[in-house]
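The values are calculated or read from the model by the stated rules, or taken from the named source; none is laboratory data. Bear in mind that the values here come from a model prediction, so they are computed numbers and not experimental data. Counting neighbours? That spans all protein chains shown, and the Cβs are built from the backbone with ideal geometry, glycine included. Areas reflect the complete protein model, heavy atoms only, side chains present, ligands, DNA and RNA absent. Shrake-Rupley method; radii C 1.70, N 1.55, O 1.52, S 1.80 Å.
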Amino acid sequence: MELAFIAPYELIQTKAQSIIDTNGYPARTFLGDLGDGVTAARQALDEGAHIIISRGGTARLIREELGIDVIEVGASYFQLLSFIQSNTNPQTRIAIVGFRPFINLAQPVCDILKKQHKTFEIKDNERIEDLFDRVTQWQPDIVIGDAVSVKAAEQYSINFHLIESSMETIVDAFERGVLVLNNLKKHIANAEKLAAVLDCTKEGALLVNNEGIIEEANHRSCSLLNKSRSQLIGQQFHVFFHAEELINAALNKKTVKNIVIPYNDKRFAADYVVITPQDSESSAVIRFQQVEYIQEAGNIIRKKLQDKGFYAKYVFSDIIHHCTEMKQLIKIATEFSKTTSNIMLQGETGTGKELFAQSIHNASPIADGPFVAVNCAALSGSLLESELFGYAPGAFTGALRSGKTGLFELAHGGSLFLDEITEMDIYLQSKLLRALQAHEIMRIGDNKIIPINVRIIAATNRNPVTEVAEGRLRADLYFRLNVLDLYILPLKERGEDISHLFHHYIRQYEDKYGVTIPPPAPKILSRLQHYPWPGNVRELENLAEKYACLQEIKDQELVSKALLSSISSDSSDKQVESQSLNEIIRTAVKSTYEKYDENISRTATELQIDRNTVKRWLAKE
């Protein structure tokens, strides 16, 4: 039983029971008028009823006595209309006696039918006897009303008629009861889900009032404090938490976060969150968790970011150097790291621009945020646009059905490293500028604005001023990115570091493979010192690995010859020294292009670069 029908008289109980049997409502009927009806309603609630249905004065009394809402069965409009139309004439004086809902139903009917009538409302502050004294003084020909008024009319020998509730009005009441019951069940289910969520949270949560008394505690708080719920509720929170910062937050009714609280042999990180700051009866929630747990969770998250590639693993101490120039450069970069301003890195290929970018991020105030890197030269304009800004579901043919989150969104709260920024096409440069100016983006094919907070670290192996002058880089974008700038020295300008780095990479090889490698001969070191290193540190690292791999050969003269074969030709040295890095790359692209019979796709595959990049290098003079 979930619905209880309190019937004031037997006839309506019979109708209600018939409807229950026919429609299968989860209901039961009880017989009781007025006070007896209140008793019946109380019994029904004790037996598990959620919704009470009744009529007239009984419904009104249940509502008042028990303080609950009651679904009221109305009188039948059609029965009322039929009776008045068939049993009265223009001279008939009709007394309408009942509670306000019945009067509101009957009075308009009499008005429409132009019947003589007068209303007598049953009110709480008037005895029923006094009311019927007034009724009899008016001398009606007939009294119409509900069960309460008809019972009183019997004592005065007045002609009366009970306006019944029809089957339709009773069914309507049951339908409304079922609707309310379903909504109540949803509300209860939602409340239970919320309670389950609160109890499943990994944080302890205490609800405290304006006097600092704990009014509610979730399961996690009981576990962390090693107390039962009954031991917590009703206690002052400072009985458990002796922290001046937390107590001051409660006194001042201010939200304060990241408070460290000692508790026995534990340390909690807590937030005091005010719920109703303007209310004199304000309340707040104290959320807390063990510091060790938070640290462990942070490590797990950082590991996941690292697995996804959105993590900077290098710091300034990873930059191997010995020369004074690099020490000064790292010192400047360290100072730049203390800000969140955009940075432009310039340096030849292989000088370690990304190493600097990651180190700057890890030394910055946003080091806990993601580090997202993208090579602008590796993707065509449209692909790079979708990578940077993402796209909405179905934005274009081949788009993921779920849409895609762009790198700007993934880098929110951290750094976005744009390598080879000068390779980005002009259209995309303008869109990037807009994003940097407005601090917001819009996914391709979408109309929603997404706010972003990202630090841009841009890098190029070209001279950005020259690129601006030649129209390949927008001036306004350059000045937006070039707030802070660093020129990464090529290896040929770091003479003291060449030998130092070579030995460092040999030691790395020894540690990796557990072998011992003899130091290089003086003539090898001398040759390395005078080589121009067009591939910079990356080329030196490769050469060190080549040297390590040759150590199985006992003939050191052969080792030296094999190692220096690629860098010992005088003609090649002169050619390298007289050529810029751009010229070397352009020559390599054209040579490969001719090798594959001017096939751009095969050239791009061989060099592992984009087709558009091949076209750009071929177009250069």
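Glu621 is checked against (1) part of a loop (DSSP other than H, G, I, E, B); (2) modelled with pLDDT of 80 or more and fails just one. What number does that condition carry?
Glu621 satisfies every listed condition except (2).
Can you tell me which residue among Arg55, Arg63, Arg42 is touching a strand residue (DSSP E or B) at 6+ places or on another chain (Cβ under 9 Å), at pLDDT 80 or above, open to solvent by 50 Å² or more (accessible area, probe 1.4 Å) and of a type in the set (Lys, Arg)?
Going through Arg55, Arg63, Arg42 in turn, the sole match is Arg63.
Can you pull out the residues in the range 518-537 that are in contact with a Gly (Cβ under 7 Å, 6 or more places away or on another chain), part of a helix (DSSP H, G or I) and surrounded by 15 or more Cβ atoms within 10 Å (Cβ to Cβ)?
Listed by number, the residues that qualify are Asn536, Val537.
List pairs: first in the range 365-394 and open to solvent by 10 Å² or more (accessible area, probe 1.4 Å), second of a type in the set (Phe, Trp, Tyr) and not in a strand (DSSP E or B), Cβ under 6 Å, 6+ apart or cross-chain?
Correct list of pairs: Pro370/Phe310.
If you take the residues in the range 1-24 that are of a type in the set (A, V, I, L, M, F, W, C) and open to solvent by 40 Å² or more (accessible area, probe 1.4 Å), which one is modelled with the highest pLDDT?
Out of the qualifying residues, it is Leu11.
Can you name every residue in the range 19-35 that is assigned to a helix (DSSP H, G or I), more than 47 Å from the chain's Cα centre (by Cα), closer than 14 Å to Ile170 by Cβ and touching a residue at least 12 places away in the same chain (Cβ under 8 Å)?
Ile19, Ile20, listed by residue number.
Taking helices (runs of 4 or more DSSP H) that fall entirely within the range 420-500, which contain at least 1 residues that are under 27 Å from Asn536 (Cα atoms), among the aliphatic types (A, V, I, L, M) and touching a helix residue (DSSP H, G or I) at 6+ places or on another chain (Cβ under 8 Å)?
Hits in the range 420-500: 464-469, 475-481.
Is the range 541-548 home to any residue that is out of contact with any Asp or Glu (no Cβ under 9 Å at 6 or more places or on another chain), free of Cβ contacts under 8 Å to residues at least 60 places away in the same chain, open to solvent by less than 70 Å² (accessible area, probe 1.4 Å) and of a type in the set (Asp, Glu)?
no
Please give the helices (runs of 4 or more DSSP H) falling wholly within the range 191-252 in which 3 or more residues are under 16 Å from Gln290 (Cα atoms) and modelled with pLDDT of 85 or more.
219-225
Give me the strands (runs of 3 or more DSSP E) completely within the range 45-141, filtered to those with at least 3 residues that are under 60 Å from the mean Cα position of the chain (by Cα) and closer than 30 Å to Leu181 by Cβ, ordered by residue number.
51-55, 70-73
Give me the residue from the range 558-592 that is modelled with pLDDT of 75 or more and open to solvent by 80 Å² or more (accessible area, probe 1.4 Å) and, out of that set, nearest to Ala604 (Cα to Cα).
Lys561
Under 9 Å by Cβ, and 6 or more places apart or on different chains, what pairs join a residue from the range 162-178 that is over 16 Å from Ala27 (Cβ atoms) and without any contact (Cβ under 8 Å) to a residue 24 or more places away in the chain with one that is buried (at least 20 other Cβ atoms within 10 Å of the Cβ) and hydroxyl-bearing (Ser, Thr, Tyr)?
Filtered contacts from the range 162-178: Leu162/Ser149.
Would it be correct to say that Ala27 is touching a helix residue (DSSP H, G or I) at 6+ places or on another chain (Cβ under 8 Å), modelled with pLDDT of 85 or more, farther than 25 Å from Ile128 by Cβ and not aromatic (Phe, Trp, Tyr)?
yes
Is one or more of the residues making up the range 463-477 free of Cβ contacts under 8 Å to residues at least 60 places away in the same chain and at positive phi?
Checking the range 463-477: at least one residue is free of Cβ contacts under 8 Å to residues at least 60 places away in the same chain and at positive phi.
Just one of Phe83, Phe5 is touching a strand residue (DSSP E or B) at 6+ places or on another chain (Cβ under 9 Å) and under 17 Å from Ser149 (Cβ atoms); which is it?
After applying the criteria, what remains is Phe83.
Are any residues in the range 322-336 of a type outside the set (Val, Ile, Thr), closer than 12 Å to Leu489 by Cβ and open to solvent by 50 Å² or more (accessible area, probe 1.4 Å), and if so, which ones?
Selection gives Glu325, Lys327, Gln328.
Since Gln236 meets every condition but one in (1) under 26 Å from the mean Cα position of the chain (by Cα); (2) without any contact (Cβ under 8 Å) to a residue 60 or more places away in the chain, which condition does it not meet?
Single failed check for Gln236: (1).
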